[in-house]
Amino acid sequence: MTSFAHDFPFDPAYGRTLDELKAVPAPPAPDDFADFWRARHDAARKVATEPEIGPLEDERDGVRIHGVTYNSVGGVRIGGWLALPVEEPVRHGFVIGHGYGGRQSPGPDVPLPLPSSAAILPCVRGTGPRGLVAGIPDVSSAHVLHGIESRDTYVIGDCVADLWCAASALQELVPELAGTGRLGLLGESFGGGLGALALPWDDRIGAAQLTVPTFGNHPLRLTLRCAGSGESVRGYHREHPEVVEVLRYFDAATAAGLVELPTMVAAALFDPSVPPPGQFAVYNALAGERELLVLAAGHFEHAGLAEEVAGLVAARREFFGKWLA
């Protein structure tokens, strides 16, 4: 077990050893889990995304960065950023999700994992600054509860669709990526959980990398205190225990059991925001080629953070170089 000095009123390592974390299972899927998600994916693929590229905003690390907007399900227009290589022809593409709170810029997601790559970096609905939607809270503790009364209205399902539509928009803007299998998906925390839910149904994605993914093993998460959005779900569950039936359809570990494409998960031993047992449940359930990178901590500043980030960047580059080359 990894231990850090902290002032949280709970143990962010949750008393688990690495071996115990590697044994955390995924909950069983509802009988119509696949039908539910395939129908949502089919609807997202039918959206005319009509992407539009904005003016050049930055140029660094071999790419030009533009604003971008596109249509997603429910008539929502999503904003974000598009990165295009300065010189080389495009050989790879990436859809890159983000953590709760949105993203202010492409930030550390650029440089991209591989050279000669294009990427779309959306702000999914309800997250700032380019995904704000009237009626959807932009604070994570409220966003994660929006529409949770029903599997058909829960905002998480539409956020997953925003990633599918981002892939459609990227392939429309960079048509040489279509049908190549050289499209990768990345997601961290909130984006990692969305990514796991998105992956089983989309054959355009050739490989994926998820970092400290959330939404893994909801039945267990409901028993684990945390400092992240999961605490809001725990509070809601205390007043509305029937929500467990909705959460069954949005379990990243359950979805991971249907992911057959190569996937690397970076999971933390200590994480106050996303309990590590849920993170490891996602990795443990993966059905295809998989790689695990164990992090000392997630969502926590510590002395070795810079070295861990550098190690993750290098591992990600090697992983995608093997599967998207």
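Since every read-out is calculated from the coordinates, none of them should be taken as a lab result. A quick note: this is a predicted structure, and the numbers were derived from the prediction, not measured. Heads up, the Cβs are rebuilt from the backbone with ideal geometry, glycines too, and the neighbour counts pull from every protein chain shown.
Filter the range 178-215 for residues that are part of a loop (DSSP other than H, G, I, E, B) and aliphatic (A, V, I, L, M); which is nearest to the chain's Cα centre (by Cα)?
Per the stated criteria, the residue is VAL212.
When the range 117-162 is filtered for residues that are of a type in the set (A, V, I, L, M, F, W, C), under 22 Å from ALA196 (Cβ atoms) and touching a Lys or Arg at 6+ places or on another chain (Cβ under 9 Å), the ones remaining, listed by number, are LEU121, CYS123, ILE136, VAL155, CYS159, VAL160, ALA161.
Looking at the range 193-242, which of the residues that are among the charged types (D, E, K, R) and touching a residue at least 60 places away in the same chain (Cβ under 8 Å) is farthest from ALA296 (Cα to Cα)?
That would be ASP202.
Does the range 60-117 hold any residues that are of a type in the set (A, V, I, L, M), more than 17 Å from GLY184 (Cβ to Cβ) and more than 19 Å from the chain's Cα centre (by Cα), and which are they? Walk me through it before giving the result.
Step one: filter the range 60-117 for residues of a type in the set (A, V, I, L, M), giving 63, 65, 68, 73, 76, 78, 82-84, 86, 90, 95-96, 110, 112, 114.
Right, trim to more than 17 Å from GLY184 (Cβ to Cβ) and you get 65, 68, 73, 76, 78, 86.
Within the range 60-117, ILE65, VAL68, VAL76, VAL86 meet the criteria.
Of the residues that make up the range 5-20, is at least one assigned to a loop (DSSP other than H, G, I, E, B), free of Cβ contacts under 8 Å to residues at least 24 places away in the same chain and among the aliphatic types (A, V, I, L, M)? For the range 5-20, residues assigned to a loop (DSSP other than H, G, I, E, B), free of Cβ contacts under 8 Å to residues at least 24 places away in the same chain and among the aliphatic types (A, V, I, L, M): present.
What are the residues in the range 199-212 that are in contact with a strand residue (DSSP E or B) (Cβ under 7 Å, 6 or more places away or on another chain) and either buried (at least 22 other Cβ atoms within 10 Å of the Cβ) or more than 24 Å from ALA34 (Cα to Cα) (or both), if any?
Within the range 199-212, LEU199, ILE205, ALA207, ALA208, GLN209, LEU210, THR211, VAL212 meet the criteria.
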